[in-house]
Amino acid sequence: MTEDRRSPFRDAHLDRDTAEHVPVTPQTRSPSYRLAFADEDFMCLDELRPVRLQLELLKFDMLLDQHKIDSTIVLFGGARIPSPANKDTARTKTLAELSHFYDEARSFARLMTRRSKATGNRDYVICTGGGPGVMEAGNQGAEEEGGVSIGLNIVLPHEQAPNPYVTPELSFNFHYFAIRKMHFLMRARAICVFPGGFGTLDEMFESLTLIQTGRMKRVPFLLFGRKFWEGIINWDALSEAGTISPEDLDLFRFVETAEEADEIIANWDPAPARDDIPGR
């Protein structure tokens, strides 16, 4: 047992190691004899899903507490957006034109990381999905500024790995999209959304819904690239149809540059969660 443990009981690591060295008999070879928490086949059963959900929620939260990270700046955005240097490889002309947002994400991450370093890497810590494109740019900017950044990967059918700029001890992997999205928002000081596809839209609208319905306090919610966002979403039509309220259009702001976003975050007055839904 380690000296800093409060409990007088045997440490779970110790019992797991002890159980691995028991005499080999028909009884000890039986799967039923494995310690439940050390039995991978048992832990992967469908019936254990509630336990796995709890473990994913707990592990990341505990590790961020250990690193004393109090708040994050969340960057959502497309994995397919290339850097300007690689825009010639883009699959479409539009993707090539969007490549300048790679540099904006990188510059924005540098600005936020300067703030973060002034707090001892406790606040304003860049948090991305850990993948390529805009996510890579965010993690790269933080590394270039000499700070730390978080990457929240998710297991996908195709082989992948976190981008090389994520701080290794803050690189996480998830099985459940729902728990991953919770962790994006649990410490979010600002939410910044760059052009992207289904994943980006999913993250953006879920976050907006939580703020719209008062389930989450208001934070700076910044959409980079007005032309892109107004081209794919008719925000005014939603308001005019009555499916959202005109006041809901004030929950986010369009920005074009890293400096513009930095200024909004710097001058943000804390806003409580809504206590009603306008227009209902």
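Can you compute the FRET efficiency between Thr243 and Asp61 using 1/(1 + (r/R0)^6), with r the Cβ-Cβ distance and R0 = 45 Å? Round to the nearest 0.05.
On the way: r = 35 Å, r/R0 = 0.77.
My answer for the efficiency is 0.85.
Helix 134-144: angle to the longest alpha-carbon principal axis of the chain, degrees 0 to 90, nearest 10?
In the chain, helix 134-144 runs at an angle near 80 degrees to the longest axis.
DSSP loop GluC sites (Glu not before Pro) in the range 153-246 with at most 12 other Cβ atoms within 10 Å of their Cβ, which ones? Don't jump to the answer; show the numbers that get you there.
On the way: sites: Glu159, Glu169, Glu203, Glu206, Glu230, Glu240; in loops: Glu159.
For GluC sites (Glu not before Pro) across the range 153-246 that sit outside H, G, I, E and B with at most 12 neighbouring Cβ atoms in 10 Å, the list reads Glu159.
What residue among Asp46, Asp70, Asp262 shows peak mean-square fluctuation when the chain is described by a Gaussian network model with Cα springs under 10 Å?
Of Asp46, Asp70, Asp262, the Gaussian network model singles out Asp46 as fluctuating most.
What is the antiparallel percent of DSSP beta bridges lying wholly in the chain, to the nearest 5?
Details: 1 of 22 bridges.
Counting DSSP beta bridges with both partners in the chain, the antiparallel share is about 5 percent.
Any idea what angle helix 100-118 forms with the longest principal axis of the chain, computed on alpha-carbon atoms, 0 to 90 degrees, nearest 10?
Helix 100-118 sits roughly 60 degrees off the main axis of the chain.
Cross-link list Lys68/Lys217; Lys87/Lys181; Lys68/Lys117: which exceed 24 angstrom alpha carbon to alpha carbon?
Working: Lys68/Lys217 22 Å; Lys87/Lys181 29 Å; Lys68/Lys117 13 Å.
Check vs 24 Å cut-off fails for Lys87/Lys181.
Can you give me the long-range amide H partners of Asp70? Hydrogens built in the peptide plane at 1.01 Å from N, cutoff under 5 Å, separation of 5 or more residues or another chain.
Excluding prolines and chain starts, which carry no amide H, the hits are Asp123.
Between Asn234 and Tyr176, what FRET efficiency comes out of the Förster formula 1/(1 + (r/R0)^6) with R0 = 35 Å and r the beta carbon distance, rounded to 0.05? Can you show the working numbers first?
Numbers: r = 32 Å, r/R0 = 0.92.
My answer for the efficiency is 0.60.
Full extension from Arg122 to Thr257: what is 0.36 nm times the residue separation minus their Cα-Cα distance, to one decimal in nm? Working shown, then result.
Values: separation 135, 0.36 × 135 = 48.60 nm, distance 2.46 nm.
Full extension from Arg122 to Thr257 adds 46.1 nm.
Taking N as the number of residues in the range 61-108, what value does Rg over Cα atoms divided by 2.2 N^0.38 Å take? Kindly include the intermediate steps, with their values, before the conclusion.
Numbers: Rg = 15.3 Å, N = 48, 2.2 N^0.38 = 9.6 Å.
Expressed relative to 2.2 N^0.38 Å, the Cα Rg reads 1.60.
Could you identify which residue out of Pro220, Pro164, Pro50 has the top mean-square fluctuation in a GNM of the chain using Cα springs shorter than 10 Å?
Highest fluctuation of the listed residues: Pro50.
Build a GNM of the chain with springs between Cα atoms under 10 Å: which of Leu35, Leu58, Leu201 gets the top mean-square fluctuation?
The residue with the greatest mean-square fluctuation here is Leu35.
Output the relative contact order of the chain, whole-number percent, from Cα pairs under 8 angstrom with separation of 6+ residues. Provide the component values of the computation, followed by the final result.
Values: 439 pairs, mean separation 45.7, N = 280.
Normalised by residue count, the contact order of the chain is 16 percent.
Using only the Cα atoms of the range 205-261, what do you get for the radius of gyration and for Dmax, in Å?
Using the Cα atoms of the range 205-261, the pair Rg, Dmax is 11.9, 34 Å.
Using modelled backbone amide H atoms (1.01 Å from N, in-plane), which distant-in-sequence or interchain residues come within less than 5 Å of Phe174's amide H?
It is Asn153, Ile154, Val155, by chain and number.
Which chymotrypsin sites (Phe, Trp or Tyr not before Pro) in the range 1-50 sit in a loop by DSSP (not H, G, I, E or B) and have at most 10 other Cβ atoms within 10 Å of their own Cβ? Provide the component values of the computation, followed by the final result.
Working: sites: Phe9, Tyr33, Phe37, Phe42; in loops: Phe9.
Those that pass, being in a loop and sparsely packed, are Phe9.
Working from Cα positions, state the angle (0 to 90°, nearest 10) between the long axis of helix 177-186 and the longest principal axis of the chain.
Tilt of helix 177-186: around 70 degrees.
Under the rule of at least 5 residues apart or a separate chain, name every residue whose amide H is placed under 5 Å from the amide H of Ile126.
The list, which skips near neighbours in sequence, is Ile73, Ile150.
Please list, by residue number, every one of the chymotrypsin sites (Phe, Trp or Tyr not before Pro) in the range 126-224 that is coil in DSSP and has at most 16 other beta-carbon atoms within 10 Å. Walk me through the intermediate numbers first.
Working: sites: Tyr165, Phe172, Phe174, Tyr176, Phe177, Phe184, Phe198, Phe205, Phe221, Phe224; in loops: Tyr165, Tyr176.
Here the sparse-neighbourhood loop sites are Tyr176.
How large is the Kirkwood hydrodynamic radius of the chain, counting all unique pairs of alpha carbons, in Å? Numbers along the way, then the final one.
Working: mean 1/r = 0.0477 Å⁻¹.
About 21.0 Å for the chain.
Read-outs throughout are calculated quantities, based only on the coordinates presented, and are distinct from any laboratory measurement. Computed from a predicted model, the values in this text were never measured in an experiment. Note: ideal-geometry Cβ built from the backbone for every residue, glycine included; neighbour counts use all protein chains shown.
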